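Below: the structure, in structure tokens.
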């Protein structure tokens, strides 16, 4: 399961690489919902920065919404800082008189919250991008390349697929729908496989593995295993064109939801030996057109694209 990935969040890269157009209305709608406090899902900072130098009125409006959101968030965080600094002072005064467990705990919590708020304020004001600014988790948004009405389009979608016609509770019932197993494409994913395909550009992906499996050893009697997070990156530094499925969900009184899942398959030997049993499918550039324009009457051709994956070797390291 690809629980996290470092992606290409700048829609302009899709435009240059594939000659795609941007669904500016959907980008604008998402940023408006976020500014209004209606969107709880995270939009990567790297996606925000793609609008740092707007080239049209629509992009300028998105930039305004981003600035408004950042200003509102900064004000809220500054108010939180004031409260937590007051809490810290009160706890320290109590501890000067008498050491109590409650005061010590209050001091610790206040200190942690102060550091978290300062870090978040710094992130909001920072213009230099860091690798983590383009990392997504299930429920986050990312730009996906699709084909619609014969035209390549870049549209922001949620990385957690809710199939059309399902209730909103589907997200909780099936929390793993950010990945689509290749061996379930004809079953669970039948409504979209052969119909709604996309491509996500990925630099590296992250997986949870058991430390004992990573080290290739058997646990000692009574020993508890430890979870570690590994970052997998192609050895040759190439970017992965990850095959995805997507769906448009609509319901009365609710905003439309575009969401997607990345397809996973059995892992190559080096990923398996590192302790993980799945791997995202990176298709070849020459197969992108065929993947994005599927024929539901010829699913064999789509399976052939997925089988003819890029021959990548994945190196891994402990994630920072």
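Bear in mind that the values in this text are calculations on the coordinates, not laboratory data. For clarity, every value in this text was computed on a predicted model and none was experimentally measured. So basically every Cβ, Gly included, is an ideal-geometry build from the backbone, and we count neighbours across all protein chains shown.
Secondary structure note: in the chain, about 85% of the DSSP beta bridges are antiparallel.
Here the spin labels are modelled as points 7 Å beyond Cα on the Cα-Cβ line, and at residue 72 and residue 132 they lie 2.4 nm apart. The relative contact order of the stretch 64-125 comes to 45 percent, based on Cα pairs under 8 Å that sit 6 or more residues apart.
Per 0.36 nm of contour for each residue apart, how much would the distance between residue 195 and residue 124 grow if the chain were fully extended, relative to their Cα-Cα spacing?
Details: separation 71, 0.36 × 71 = 25.56 nm, distance 3.86 nm.
Fully extending the segment from residue 195 to residue 124 adds 21.7 nm.
Relative to the dominant Cα principal axis of the chain, helix 101-125 is inclined by about 50°.
On full extension, the segment bounded by residue 80 and residue 303 gains 75.1 nm, given 0.36 nm per residue less the C-alpha separation. Can you match Rg/Rh (Cα atoms, Kirkwood Rh) to one of these, (i) 1.03; (ii) 0.96; (iii) 1.08, based on a calculation from the structure here? After the calculation, the listed value that fits is (i). Helix 57-97 against the longest principal axis of the chain: what's the angle in degrees, Cα atoms only, rounded to the nearest 10? Once rounded, the angle reads 30 degrees.
Between residue 97 and residue 29, what is the spin-label point distance in nm, taking each point 7 Å from the Cα along the Cα→C-beta axis? Between residue 97 and residue 29, the label points sit 5.8 nm apart. Please identify, among 274, 103, 41, the residue showing maximal mean-square fluctuation in a Gaussian network model of the chain using a 10 angstrom Cα cutoff. In this elastic network of the chain, the residue with the biggest mean-square fluctuation among 274, 103, 41 is 103. Which of 17, 47, 240 ends up with the largest GNM mean-square fluctuation for the chain, with Cα atoms connected below 10 Å? In the Gaussian network model the winner is 17.
For the stretch 64-125, what percent of Cα pairs sit more than 15 Å apart?
Values: 1013 of 1891 pairs.
Cα-Cα pairs of the stretch 64-125 separated by over 15 Å account for 54 percent.
For the stretch 69-100 versus the stretch 1-31, the spacing of their alpha-carbon centroids is 38 Å. Summary value for the chain: 21 percent relative contact order, contacts being C-alpha pairs under 8 angstrom separated by 6+ residues. Approximating the spin labels as points 7 Å out from Cα along Cα→Cβ, the residue 42-to-residue 208 distance works out to 1.5 nm.
Work out, step by step, the length gained on full extension between residue 53 and residue 254: first 0.36 nm times the residue separation, then minus their alpha carbon distance; give nm to one decimal. Intermediate results must be reported in sequence, preceding the final value.
Details: separation 201, 0.36 × 201 = 72.36 nm, distance 3.18 nm.
Separation in residues times 0.36 nm, less the Cα-Cα distance, equals 69.2 nm.
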